[in-house]
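> Here's a structure for you.
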Amino acid sequence: MRALATCRASLFRGYTTDPHTGDEMPSTEPVGTPFPAAIDERESRVWDSSTQTPRVVRVIRCTVPSTLEVEIGDRLRDDTNGETFTVQLVTRPRAPAGHRPETVLELRRVG
């Protein structure tokens with residue numbers, strides 16, 4: 001991984017059933033072992049044509065090792081800072097043969 005890691009993170013996938021209520025709840029078992037991640041929150045200015053005003057949109061991006069299998073809908077927990085995110089978008093950039101660049105995720109904070 002070439003991006004400077006800002007934390008260690010864990011990945012969670014799927015749901016389980018609460019034995020007491022029968023409700024579906026997010027799985028608490030991590031997929032694999034913790035890994036280095038670079039989480040960065042940036043803001044982007046966009047023009048809202050319907051109101052004719054500029055807006056600020058915050059985007060949370062995360063760079064993870066290319067060997068990590070991530071899917072849209074997975075949950076990523078920042079083990080260093082205790083925040084949880086949902087994966088909204090997964091981008092695996094193309095590269096020359098023999099080189100696998102980092103995977104870039106777009107996240108949404110959920111807890």
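> Is the chain rounded, prolate or oblate when judged by the Cα gyration tensor, a ≥ b ≥ c being the square roots of its eigenvalues, rounded requiring a/c under 1.5 and prolate requiring a/b larger than b/c?
Because a/c hits 1.5 or more and a/b fails to exceed b/c, the chain counts as oblate.
> Still on this structure: What distance in nm separates the simple spin-label points at THR51 and THR16, each placed 7 Å from Cα in the Cβ direction?
Label at THR51, label at THR16, 4.2 nm between them.
> Under a GNM of the chain (C-alpha, springs under 10 Å), which listed residue has the highest mean-square fluctuation: GLU69, GLU43, GLU29?
GLU43
> Sticking with this one: Averaging sequence separations of C-alpha pairs under 8 Å and six or more residues apart, then dividing by the length of the chain, give the relative contact order as a whole percent.
This gives 26 percent for the chain.
> Would you please name the trypsin sites (Lys or Arg not before Pro) within the stretch 67-99 that are DSSP coil residues with at most 12 other C-beta atoms within 10 Å of their C-beta?
When the trypsin sites (Lys or Arg not before Pro) of the stretch 67-99 are filtered for loop state and at most 12 Cβ neighbours within 10 Å, ARG94 remain.
> How far apart, in nm, are the 7 Å Cα→Cβ label points at THR28 and ARG109?
Here the answer is 2.4 nm between the modelled labels.
> For the pair ALA97 and ALA5, how long in nm is the line joining their label points, each one 7 Å along Cα→Cβ?
3.2 nm
> Is the shape of the stretch 1-48 best called rounded, prolate or oblate, per the rule: a/c under 1.5 gives rounded, else a/b larger than b/c gives prolate, else oblate, with a ≥ b ≥ c the square roots of the Cα gyration tensor eigenvalues?
Oblate is the answer for the stretch 1-48, as a/c is 1.5 or above yet b/c matches or exceeds a/b.
Values quoted throughout were computed directly from the atomic coordinates according to the rules given, and no laboratory measurement underlies them. For clarity, every value in this text was computed on a predicted model and none was experimentally measured. Every residue, glycine as well, gets a Cβ built from its backbone with ideal geometry; the counts of neighbours run over all protein chains shown.
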